[in-house]
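Engineer: This is the structure I have questions about; it appears just below.
The values are calculated or read from the model by the stated rules, or taken from the named source; none is laboratory data. What you see is a predicted model, and the numbers here were worked out from it, not measured in a lab. Here Cβ is always computed from backbone atoms with ideal geometry, including for glycine, and neighbour counts include all displayed protein chains.
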Amino acid sequence: MSAPLIVLVGPMGVGKSTVGQLLAERLGAGYRDTDEDIVAAQGRAIAEIFVDEGEAAFRALEKEAVRSALAGHEGVLALGGGAVLDADTRALLAGQRVVYLSMDVEEAVKRTGLNAARPLLAVNPRRQWRELMEARRHLYEEVATVVVATDGRTPEEVAEAALDAV
Ligand code: S3P
């Protein structure tokens, strides 16, 4: 059975897909993203799934997407920012090389701003970010084998730091 070389976790907008693709290039490996897997399988945007069926239904789809990507992908795998909310999904990550890309609240507000494609940030982004980070930081830390801070760093610098750290 194949397994990912590196799993990336961290909040939306932290650069998981950009950094993940850079890491995949450097490692000569493939890149996969569970958000993309879900969109392809469902034939709908993530925002639509949230609106039509709610967050719990999305998390259930996400858990299955993580399970099959972990079992079937040799390369770099990026998870959606909220994947760690689900205890089963966190358990699936045990024994994996998991890099948590972190950023502070001000960096998050600066990077994402008001982004309608991200349903969790539709109103009052600064407050939402503060609450989201408070609720999730310890979950990212729980699953991570390595933490790489991204504040003030380019994606290339973050990828280098991640490669040095794993
Ligand atoms: C979410 C993050 C998104 C996506 C969905 C929910 C979250 O992924 O899975 O909108 O709960 O933080 P990205 O982190 O890839 O943007």
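Engineer: Regarding LEU139, is this residue modelled with pLDDT of 95 or more, in a helix (DSSP H, G or I) and surrounded by 15 or more Cβ atoms within 10 Å (Cβ to Cβ)?
Structural biologist: Details: modelled with pLDDT of 95 or more: yes; in a helix (DSSP H, G or I): yes; surrounded by 15 or more Cβ atoms within 10 Å (Cβ to Cβ): yes.
In short, yes.
Engineer: Can you tell me which residue is farthest from ALA108 (Cα to Cα) among those in region 1-14 that are outside any strand (DSSP E or B) and near the ligand (Cβ under 10 Å from one of its atoms)?
Structural biologist: Restricting attention to region 1-14, the residues satisfying the condition of being outside any strand (DSSP E or B) are 1-5, 10-14.
Next, only the ones that are near the ligand (Cβ under 10 Å from one of its atoms) stay: 10-14.
Details: GLY10: 11, PRO11: 8, MET12: 8, GLY13: 7, VAL14: 7 Å.
In this case the residue turns out to be GLY10.
Engineer: Test each condition in (1) within 11 Å of the ligand (Cβ to nearest atom); (2) out of contact with any helix residue (DSSP H, G or I) (no Cβ under 6 Å at 6 or more places or on another chain); (3) in contact (Cβ under 8 Å) with a residue 24 or more places away in the chain for GLU36 and report the one that comes out false.
Structural biologist: (3)
Engineer: So, in region 54-71, how many residues would count as being more than 10 Å from the ligand (Cβ to nearest atom) and of a type in the set (D, E, K, R)?
Structural biologist: 3
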